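Have a look at the structure below, then the notes.
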Amino acid sequence: MARGRIVYADDDLELTRLVASTLKDEGYEVIVANDGEEGLESILVEEPDLVILDVMMPGLTGWEVAKYLRSKREFDATPIMMLTGIGERMNEMTAPLYGANAHLDKPFDIDDLLATVETLLADAAEEAEGELEFDVEVDDE
C-alpha cells in the first residue's frame, strides 16, 4: 500500500521524472502532470494526499491552481507545496498568499524534498485524526 498519493505538476520533464521516481522509490503513489490545467484536473479526479506545484507552467500557474484549491472546502486540508525556481524571496512571500503550506526553491536537495513531503503528510494525518476525534464527541446531557 502506498504511503500517500501525490499529484506533482511541473513542465520540466527531466525534473518531473527525477522527483516522481524518487518519491515512488520511497513508497508514494505519484501522478505527474506537465502543466497547470492537467495538474488541476488530476487533483480533482485523484483527490491526492499532497499536491506539489511548480509556479511557472503553461496554462494555469501553480499559484492559480493553489488559489483554486483553497477556494474549495473539500481541499482545505490538502497540503500544497510549491517547488519552483522563481527565487527564494519571491517564493517565501507568495507561497503563503496562495495557500501553500510549504515551498522549496529549485535547485533543491532531494533530502529536503523528502523531509518536507513527510512532514506535510504527517501534519495532515495528525490534523485529520484530531478532527475525527472531535467529530465523535457526544454531549452527555
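Throughout, read-outs are computed from the coordinates displayed, never taken from laboratory work. These numbers come from a predicted model, not from an experiment. No Cβ is skipped: glycine too gets one built from the backbone with ideal geometry, and neighbour counts run over all protein chains shown.
Odds and ends about this structure:
- Sequentially through region 96-102, phi angles give Karplus couplings (6.51, -1.76, 1.60; θ = phi - 60°) of x, 4, 9, x, 6, 8, 7 Hz, Gly and Pro residues having no value and appearing as x.
- Value at 222 nm in deg cm²/dmol, rounded to 500, when DSSP H runs of n ≥ 4 in the chain each add -39,500 (n - 2.57): -15500 deg cm²/dmol
- Region 78-94 - phi-based ³J(HN,Hα) in whole Hz, Karplus 6.51/-1.76/1.60, Gly and Pro as x: 7, x, 10, 10, 8, 10, 8, x, 6, x, 4, 5, 5, 4, 4, 7, 8
- Between Leu83 and Leu53, Asp54, Val55, Leu104, the built amide H atoms are under 5 Å apart, and every one of these is 5 or more places off in sequence or on another chain.
- Calculated diffusion of region 1-64, Stokes-Einstein form, Kirkwood radius summed over Cα pairs, 37 °C and 0.692 mPa s, µm²/s: 286
- As a rough footprinting exposure proxy, the listed residues Leu18, Leu53, Leu114 were ranked by other beta carbons within 10 Å of their own, and the order from fewest upward is Leu18, Leu114, Leu53.
- Approximate spin-label separation Ala122-Glu46, in nm, with each point projected 7 Å along Cα-to-Cβ: 2.3
- Distances between placed amide hydrogens fall under 5 Å for Ala33 paired with Tyr8, Ala9, Asp10, all partners being 5 or more residues away or on another chain.
- Order of Tyr8, Tyr98 - criterion: other Cβ atoms within 10 Å of each residue's Cβ, fewest first: Tyr98, Tyr8
- Qualifying trypsin sites (Lys or Arg not before Pro) in region 22-82, DSSP loop, other Cβ atoms within 10 Å at most 14: Lys72
- Amide hydrogen proximity for Leu50: with H placed 1.01 Å from N in the peptide plane, the residues at 5 or more positions away or on another chain lying under 5 Å are Arg5, Val7.
- Kirkwood Rh, angstrom, region 73-124 [1 / mean 1/r, Cα pairs]: 11.5
- The convex hull of the Cα atoms of region 5-135, projected and averaged over all directions, covers 7.5 nm².
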